[in-house]
Amino acid sequence: MTYFRGFSTAVATVVLVVLGGCCGGGHGVVDVPTEELGICSSAVTIHGYKCQEIQVQTKDGYILSVQRILEGRYGSDNGVKKQPVIIQHGVLVDGMTWLLNSPEQNLPLILADKGYDVWIANTRGTRFSRHHTSLDPSSPAFWDWSWDELVTYDLPAVFDHVSQETGHKIHYIGHSLGTLILIASLAEGKLVEQLQSVAFLSPIAYLSHMTTVIGAVAARSLLPQVVTKALGVEEFNPKGKAVGNFLKSLCFRPRVNCYDLLSAFTGKNCCLNSSTVELFLKNEPQSTSTKNMVHLSQIVQYGVLAKFNYGRMDYNLRHYGRINPPLYDLSKIPRDIPIFISYGGRDALSDLRDVGHLLEILKSHDVDKLTVQYVENYAHADFIMGINANDNVYKYVTAFITKHGSV
């Protein structure tokens, strides 16, 4: 196992809700993608990269938006098949959140310039993944899913498509929820044969010790038996009235400080650029399902990684044939998969003790296949939007996947 240290920057997700709007300005070129002007046109090709908008259908009918960056700025691939990299965002954001800085600081574009075939995934429910073969987002049934379904359907659909298109094993990079769903997949033996290496930024597997007070209060409020009554909606839309009122109500709870929401939710990020923050607020947050937020809160409440708990024995029996939902057994993660983990000393969501719990489980991992980086002054969002993230994190990620690349 390899350990080392680094440094970097950040931004929050639900901050827009309480601020009630967005800010002007920004970088002047990257803008808010529309249905006609997707992520490729608004944030990738404007910098001189080749990018394709792709739709991938899951087995349960959701149509996911994926951006493929075929080539960097520095010439063709000369016919050489490139190694594919899937990049997966966290909760309440979409793939645009990776592309808010300059090309020199955006992980997907850095990888494209390094000669990788980059695929940016967008989970169901986000702005460009709101289509289904038979359901409409206005239907409650469209939102009847949690991160269990991202493990069962979304990730396999994207992996299968990338495998078929490239013929290569896949490098995977996830942040926050993007780490959780791959960790859970590996625990169930899924995707193993398609993986070349894995990089987890701000890993989320356990949340019992998260230091965000507002996050902890929210988690205790999101109980399956009361959440529908409290919110009245299946779509958890941070820009909507119902969720906005719920989040504002948290500010009146004891010890909850809403004066600085960025720090309150993610920890004190070290290295954000103001124009990146403004651009973030123009693009995010994105919708997810209320059920997904409840499921995430159950990791906080119960201290284990398990399938969705319906809060009633009869419901759990109906879904699982048992009164308690099955656990994801992380000890079953294959020991020979190359894993890179980077976590921050100021992260209020991916707390040091919870990351330590994950590392304890991975202690029997093959020594030469596990690399761990600790970034002392990073908080949760620094890993995707830090102005110096390339120097402090991404160069180590690219070195890792290069080391463990296919031969």
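The values are calculated or read from the model by the stated rules, or taken from the named source; none is laboratory data. None of the values given here were measured: they were computed from a predicted structure. Accessible surface areas use protein heavy atoms only, side chains included; no ligands, DNA or RNA. Shrake-Rupley method; radii C 1.70, N 1.55, O 1.52, S 1.80 Å.
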query = Along the stretch 364-369, what does the Karplus equation 6.51 cos²θ - 1.76 cosθ + 1.60 (θ = phi - 60°) give for ³J(HN,Hα), rounded to whole Hz, x for Gly and Pro?
reply = 8, 5, 3, 4, 7, 10
ask   = For the stretch 263-383, what value does the Rg/Rh ratio take when both radii are computed over Cα atoms and Rh is the Kirkwood radius, given to two decimals?
value = 1.04
key: Under Karplus coefficients 6.51, -1.76 and 1.60, residue-wise ³J(HN,Hα) of the stretch 146-156 in Hz, glycine/proline x   = 9, 5, 4, 6, 5, 5, 6, 10, 5, 4, x
ask   = With every protein chain present, what accessible area does F246 have (1.4 Å probe, heavy atoms only), rounded to the nearest 10 Å²?
value = 30
request  = Taking H placed 1.01 Å from N in the peptide plane, check which residues at least 5 places from I341 or on another chain put their amide H under 5 Å from its amide H.
outcome  = F200, T371, V372, Q373
key: Shape category assigned to the stretch 58-158 from the gyration tensor of Cα positions, a/c cut at 1.5   = prolate
remark   = For I46 the rounded accessible area (nearest 10 Å², probe 1.4 Å, non-protein molecules ignored) is 80
task = Scan around L195 for amide H atoms under 5 Å from its own, H built in the peptide plane at 1.01 Å from N, and keep only partners 5 or more places away or cross-chain.
result = I170
Average Cα contact separation per residue, the stretch 52-166, under 8 Å, 6 or more apart, as relative contact order % = 33
inquiry  = For K50, what residues show an amide H to amide H distance below 5 Å, using hydrogens built from the backbone and excluding near sequence neighbours?
reply    = L70, E71
ask   = Could you give me the ³J(HN,Hα) list for the stretch 171-182, computed from phi with Karplus coefficients 6.51, -1.76, 1.60 and θ = phi - 60°, whole Hz, x at Gly and Pro?
value = 8, 10, 10, x, 10, 6, 4, x, 7, 4, 5, 7
